[in-house]
Each structure stands twice: as C-alpha cells, then as structure tokens.
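Undergrad: One structure is given below, represented as structure tokens, and several questions about it will come after.
Nothing in this text is a laboratory measurement; each read-out follows from the coordinates by a stated rule. Because the structure is predicted, anything quoted here is derived from the model rather than measured. Because the Cβ atoms are built from the backbone with ideal geometry, glycine has one as well, and the counts that use them run over all protein chains shown.
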Amino acid sequence: MPVGSVSPMDLDLTEDQEAIRDVFADFFSSETGPERARDAEPLGFDSRAWDRLMETGAPGMGVGGSRGGGATLADLTVVVEEAGAHIAALPLVDHMVATRLLATVGVCDDDVLAGTTIVGLAIRPAQDGTARTVPTGAVARRVVALDGDTLVLVEGDPGAHLENHGCLPLADRPLAGATVLAEGPDAVAAYRRTLDEWRTLTASTLVGITRTALDLGVGYVKERRQFGRPIGSFQAIQHLLADLPGLLDGARLLTAKAAWAGDRAVAGQAGVADIGDNEITDFAALACMALVSAGEAATTATDRSLHVHGGYGFSEEYDIQLYFRRARALSVVLDDPARECRRLADLLLAGPSTSSPSGAGSDRNSVPHGGPEPGGDADHLATGATR
Amino acid sequence: MDFSLSPGAVEFRAEVKAFIADHLTTEVVDQMHATGTFNDKAFNAALADAGLLAGAVPGYGDRDPIELYILFNELEKAGAPYDGLAVTMLVAGVVNAVGTDFHRSRVLGKLLTGRFNCCLGYSEPDHGSDVASITTKAVRDGDEWVITGQKMWTTMAHVSDWVILLTRTNPDVPRHKGLTMFLVPMDTPGIEVQPVPTMATERTNATFYDGVRVDDEWRLGEVDGGWAVMGVALAFERGVMGGTNPAVPLLRHVRDWAGGAASPDGGTMLQDPLLRERLARTAIANQVSQLLTLRAAWIAATGGLPGLEGSMAKLYATGRYQQAVGWFQEMAGAEGLLGFDADGAAADGWIDYDARHAPVTTIYGGTTEINRNNVAERHLGLPRDR
C-alpha cells in the first residue's frame, strides 16, 4: 500500500526501546517470576533480585545527565511492564520516580542512584505528621513525602510491614525529623509531577500483569478438558477472554501516550485537555486516565482468568492468584478509582464538584486552584488531606 | 512511540474541521434526523469539491491512510451525516482492490465525486451473522446473470446508485465456496426497495430482486470467489471508517447540558459527583477508543489489513458507548426520556437519541459476538466452536 506523506506518528517502540524490552524481559524472566514472588511474600520484597537488578543499572536509569541512565519516562514504562508481567516483588517504580524527583532537587547521592539505598514515595499526602501506607515503606530507608506544601525526605529504618491483600511492602512512615527539600508551589508542582510519573509507571506495571493474566487464562483453557473437549472451545469461556485483548492493548496505548506526554512536558511542550473534541495531550490528565484504565484492565483480566481456572485459580498452588491480588492492590493503593475519576473530572471540566472538600482557603495545602486548566490539581491534594 | 500527527495530517485535519464548521449546518443535522437517512448528497459533493474525499477510499491512491481515519473520525465527532458516505467509500475501496477496469471507469470515478452512493447487500432475512449461508441466487444465462432473492438491512438502498450483492452461484459446494459478488446498478429492472423504520429513527431497507438481469461485466471478483471479496470489505469496514467514537458527541452534549441543568440535590448537574465520575470514565473510554482506532489506521498506513484490530476497537468502543448512554439517561431522569422536539429535553434530546441509537452499534457491521469469536479464534488461538 503506497504511503504518501511520512507521518511522525509511530505506534511502534523505538529500536532502543525494543532492546530495553528484550534485556529486561530476559532479566525478569530469569531473576523473578511466580516462584520468587511466593517466596517473597508476605513482605513483598525479593532482595536477591534487587541485588541483581542493581547490576543492570535499572534503579538509576531514569535520572538524566552524566550520573544516571538518561532514560525517558517512555523507556521506563517498557522496563516496568516486564517487571509486572513477571510479578517481580521489587520496589522499582517507586524508587525510579522518587530518584528522579531527588535528582531535580539535587539530593540524589550515589547510593540512591545505584539502589543500595532504596527510596520510596509517599503517594498520599501526610496526615498528622505521618505518611500512611507508603507503598514501599517497609523496605525503603528514605521516603519522599509532601507535608502540606513542604516536600520532605525522611531517612531511617524501614517501617513495620502492614500485612496486606497484595503483599506490597506497605508501611506507615512518621515524618518527624525529616529534611525539608523544597517548599511552596514549586515543591507541590514537583511532587505532583512525580505522582503522575508514579501513576504512569504503575499503569505500565498493571499492563504487564494484564498481559500475563491473559496468557495464563488462555493457556489453561487450551489444556483443561471437560465434557471431552478443551474448555477453551466453549463460547462461554471464549467470550470472557475475548474482551481482554482490547482492554490490554487500549491500556498499553493510553499508558504509552501518557509517558509520551510526560516526556513532552519535560521538553516544555504544553498539552491540551479538550473532551469535547476527544483531544487530550495533557500529562496530568493522561496519567490519571492511564492508571484507571490499566487498573480496570488488570482487575478484569485477573478476575476472568482466575475464574476460568475454576477452583484451581483460587488455590495458592496456581499462579493466577498472585496476579489477582497484586492487580487489586496496585489499582487501589493510591485511591479509590472512582475518586481518581472525580479528580480527573476536575482537570477536564469547569468548576469543582459539590462534594469536593476543597473549601477555598480552608485546607492547609493552599496552592493556587487549578480549576479546569490542565495540570491544575488542587482538588486532589485537598481530597487526600481529608482522609 | 510518537502520538503526534504528521504536518500533512495536521493540515488535513484542520481542513476537515474548517469544512465541517462551514457546511454542517443545523439544517443538515435536522434533515438527517427528520428523514432517518444519514446521508446528505450536497454535503458529500461539497466534501469532494473541497478535495477531501481523495483520501477517503481505503487502500486507494497515494494519500496518507491516516487521513481516512481523520476524515471519518472528525465527521463522527461532529455528529455529521457520514453513514452513507462511509459505505460508499468502502465500496469504492473494494472496487479499487478487486474490480476490473470496467468497474473502475464506470463506478470509481463517480463515487469520488461524492454525488453517487452505494449500499451493501449481504444479509438476508434468515441469514445475518451466518452470512455464508445466504440463498439469493445468481444463475448464468449466456453473458448475463439472473438474480433472484431478498436482502435485509440494505441501509441507503433508497438513495443508492449501486448495491454490492452477495449471491449464491453454486449450491453444491461448501457454503462459502459457492458465493459470487456483483456490483448491481440500482435502476436495473426487478429491484424493489421497501423501507424498514427503526426505533432510532434511522431508516434501513429490505430489498427484493426478482429476475434481475446483469451483464457478467458487473461481477466483482471471481465466480464462486465472493467470500474473498467479503474478506476485503470486512477488513476495510471494521474500525477505521467511523463507528468507534460515538460517545464523543454524547459526552459533549451531556457536559453542556449538565452545566445549566439544576440538580435535585442543589447546584447544577455538572457539580454532581457521580455524574462527574461518569463523565470522566467516558472521557477515558473515548481516549482508549480513539487509540485502538488509530492503531488500526496505523496498521493500514504501514501496509497491513487491520481486521482483527478493528474488531477489538469496535468491541470496546460500542460496549462503552452503550454503558455511557445508560448512565446518562438514568442520571437525567425523566428529562432524559424526552426527544428532540420536547420542551425541557435533557441535552436537547440527544440523550434520548443516543439511547435509541446505541443498541444497533453492537449489531451492525459485525455483532459483538462475532467480533468476540474473531478475537478468540484468530488472536487468542482458541479452538473454533461452530
């Protein structure tokens, strides 16, 4: 088919990204996986795999300049999709985005870059001097948090593990004695951007989980025989699974678009968010969309895949339950997806919701209200502060 | 990955948007909903005269195939009458791909003027999804064929100049091996068109063929090779030529209505937290639908036939559209039941319209069940069960 004008549009990975994907697919395939994830439970940290991962340079690859790997956000999505697909029990996403944030404020030392010192991110604003349920709080020595409009870094022994559904290394982290990194609107803006990077990379992790959940389900229904036939020959089973490739590919495309928008924003290209024309290039809006979309894809795919396994899906012996629990945990650890959607609505629509607790000036996260402008995010902070 | 359009595509999109702003008048929109015929010959002709149809034929010419996606996506988002145009351009693509010089000289050029229409004669009263079982007969008589039978859902037949007609030419071989496709002029004696009104006001038709005689030169593809022609048509049809962003105008209409509609709980409906959540969820679905469609267009642009990817886009987009319509009609309450002409209708009657229209979107152009079968068998590699 002849093609006239050459489009810059390119929905394939770059050659570099294909190489990154192949390297990390090999790495996570050999160093992580369901058996290792089981062994790492309940804490959810595979220290041997982390040691090996440090040899690849992955923990610091998202930091630019001469010190780090200089990877784009788009590159990082490729790495963490593989981590998700192999159910790696590693604090990689949180470390990557926290490290990028520390680098921007100039406190990213070599131990952090290498991963010898693990850094976590408090994804919910601090409340009463404590960052609650920090996703990697039980393994990270350092945690970056937003306390009011102050960006702080707390250092010390990891917190006490909170046993949980997805075997994430969740812990509360008191912020007493924390170092102030930055204050005011710039600090809040830097934190929000980091949180949007966390959303994007968590979405990519969920895409990896979705991919493997679908593979596990399809593999099982081709093998399992009932009534003298593979159960995968029954339309009732086929149609449960046939919705999933669209969810998977849609979530992956949306996550890739969010990363693309994030990298463009760094380069100074502002995005737009026009739902009337379905034209969305704003990073904050796309990051939120990607997380909701990938969370839905992963929870749906793991749920259906587990279901077609019958009773075996429910048993610890089968791998799908690992993916099922991880998918749910990563989908809600930031917030209820419905509340994420309302936060997204504040970015996309004029005027705040009547239920929004962001009474003017009444909350201590008193940052300029973004209203309908892309990137305005004040309601989210206010919402979090009331929890 | 790079999600930005080429400068040429950006320019083309701007031209299409400018055309829509100039030509999609209230009268055009009112006319399409009053007549139920989502085809406007003057609008189509103006599109052609503006040079915007050259890229609208799948697989034809040297234009960037992304333009095909852009044209139909912009028309769909704007709520323009494009159904007749999409079918016509689809037939133009099939004619270009499998037709003879005779077909190209007699038909293709005319279709590109925007002043002629085609319709699809596949389904029959007793054969819909199982289209390979159709029974409309074509019997050879010298240099002619004599066609007898009935077709169903022949939308646009009443404004069409040609129908592409799937017929049975050999009843003695496996069903999909005895089919032949014809391009039949609608003014041929023996063709009768009867209207079939629908609950969404859209008009479709039943068409009857009683000893219709056409010369062999109107045959499209090989004798008994009709199934291959169907394959080309279906690959062009699914996904790229509109039909995957119907919830964009819906979202716009509901958003605009909600800003001025009082909520029973106080304030406006746009302040209602559940409506805001659902508007946001619909905005997400619209983005995903756009990206799945763009991927299908991208595959076409890089030399592939995106049949499977088109199935995925249609499956996702139409399901989400129906879900969104259901949400918004419930949340608008009684006003969400009111039609275009009723005082106080929510979103000027668009919610009622979309709620009427939405059910057909998981049926026509390949049902959701058939698309799921395609994905299950051809993408997931599950055993065929029919």
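Undergrad: Loop-only check: which trypsin sites (Lys or Arg not before Pro) in region A:26-127 are DSSP coil with at most 11 other Cβ within 10 angstrom?
TA: Numbers: sites: A:ARG36, A:ARG38, A:ARG48, A:ARG52, A:ARG67, A:ARG100; in loops: A:ARG67.
Hits after loop and neighbour filter: nothing returned.
Undergrad: Roughly how tilted is helix A:244-266, in degrees to the nearest 10 and between 0 and 90, from the longest Cα axis of chain A?
TA: Long axis of A:244-266 versus the principal axis of chain A: about 30 degrees.
Undergrad: While we're here: I need the per residue convex hull volume for chain A, using only the alpha carbons, in cubic angstrom as a whole number. All intermediate terms of the calculation are to be shown ahead of the outcome.
TA: Details: hull volume 62.4 nm³, N = 387.
Roughly 161 Å³ of hull volume per residue.
Undergrad: Please give the net charge around B:PHE182, taking every other residue with its beta carbon less than 13 angstrom from that of B:PHE182, where Lys and Arg add +1 and Asp and Glu add -1. Before the final figure, lay out each step's value.
TA: Working: positive: B:LYS137, B:ARG140, B:LYS151, B:ARG168, B:ARG213, B:ARG219; negative: B:GLU144, B:ASP215, B:ASP216, B:GLU217, B:GLU222, B:ASP224.
Once all neighbours under 13 Å are counted, the net charge is 0.
Undergrad: When chain B is treated as a GNM, springs tying every alpha-carbon pair under 10 Å, which of B:PRO58, B:PRO171, B:PRO81 comes out with the largest mean-square fluctuation?
TA: Judging by the Gaussian network model, the answer is B:PRO171.
Undergrad: Which of B:GLY310, B:GLY267, B:GLY336 ends up with the largest GNM mean-square fluctuation for chain B, with Cα atoms connected below 10 Å?
TA: B:GLY267
Undergrad: Pull up all non-local amide H partners of B:CYS119: gap of 5 or more, or a different chain, and H-to-H distance under 5 Å with H placed in the peptide plane.
TA: Hits under the 5 Å cutoff: B:TRP162, B:VAL163, B:ILE164.
Undergrad: How far, in nm, would the chain grow between B:ALA14 and B:THR367 when pulled straight, counting 0.36 nm per residue and subtracting the alpha carbon separation? Walk me through the intermediate numbers first.
TA: Values: separation 353, 0.36 × 353 = 127.08 nm, distance 3.35 nm.
Taking B:ALA14 through B:THR367 to full extension adds about 123.7 nm, to one decimal.
Undergrad: Once the Cα atoms of region B:238-379 are picked out, what are the Rg and Dmax in Å?
TA: Rg then Dmax for region B:238-379, in Å: 16.7, 55.
Undergrad: Quick one: go through region A:28-67 and flag any residue whose amide nitrogen is under 17 Å from the point 7 Å out along the Cα-to-Cβ line of A:THR116.
TA: Counting backbone N atoms under 17 Å from the label point, the list is A:50-61, A:67.
Undergrad: Does anyone have the angle between helix A:283-308 and the longest principal axis of chain A? Alpha-carbon axes, 0 to 90°, nearest 10?
TA: Helix A:283-308 sits roughly 30 degrees off the main axis of chain A.
Undergrad: Shifting gears a bit: Go through region A:118-125 residue by residue and turn each phi into a ³J(HN,Hα) via Karplus (6.51, -1.76, 1.60, θ = phi - 60°); whole Hz please, and just put x for glycine and proline.
TA: Going residue by residue, I get 7, 10, x, 10, 7, 7, 10, x Hz, with x marking Gly and Pro.
Undergrad: Helix check for chain B. Which DSSP H runs span at least 30 Å along their own axis by Cα, with a mean Kyte-Doolittle hydropathy no less than 0.0?
TA: Values: long enough: B:273-301 (41 Å, 0.41); B:307-332 (37 Å, -0.27).
Span-like helices in chain B: B:273-301.
Undergrad: Amide H of B:ALA80: which non-local residues (sequence gap of 5 or more, or other chain) have their own amide H closer than 5 Å, using H built in the peptide plane?
TA: For B:ALA80, whose amide H was placed from the backbone, there are no distant partners under 5 Å.
Undergrad: Could I ask something else about it? Helix-only mean residue ellipticity at 222 nm, chain B, DSSP H runs n ≥ 4 weighted -39,500 (n - 2.57), per residue, nearest 500. What is it?
TA: Details: 11 runs with 165 residues, N = 386.
After summing the helix terms and dividing by the residues of chain B, the value is -14000 deg cm²/dmol.
Undergrad: Then there is this: Excluding same-chain pairs closer than 8 in sequence, count the lysine pairs in the protein assembly as shown whose Cα atoms lie under 15 Å apart. Please list the in-between numbers first.
TA: Numbers: B:LYS17/B:LYS77; B:LYS41/B:LYS110; B:LYS137/B:LYS151; B:LYS137/B:LYS177.
Number of lysine pairs found: 4.
Undergrad: While we're looking at this one, here's another question. What FRET efficiency would be calculated for the residue pair A:ASP16, B:ALA42, taking the C-beta separation as r and a Förster radius of 56 Å, to the nearest 0.05?
TA: Numbers: r = 51 Å, r/R0 = 0.91.
After rounding to 0.05, the efficiency reads 0.65.
Undergrad: Sum -39500 (n - 2.57) across every DSSP H segment of at least 4 residues in chain A, then divide by the residue count to get the 222 nm mean residue ellipticity, nearest 500.
TA: On the way: 14 runs with 198 residues, N = 387.
My calculation for chain A gives -16500 deg cm²/dmol from helical runs alone.
Undergrad: Rounded to whole Å and ordered largest first, report the semi-axes of the equivalent ellipsoid of chain B derived from its Cα gyration tensor (root of 5λ). List each step's numbers first, then the result.
TA: Details: eigenvalues 264, 99, 93 Å².
The answer is 36, 22, 22 Å, longest axis first.
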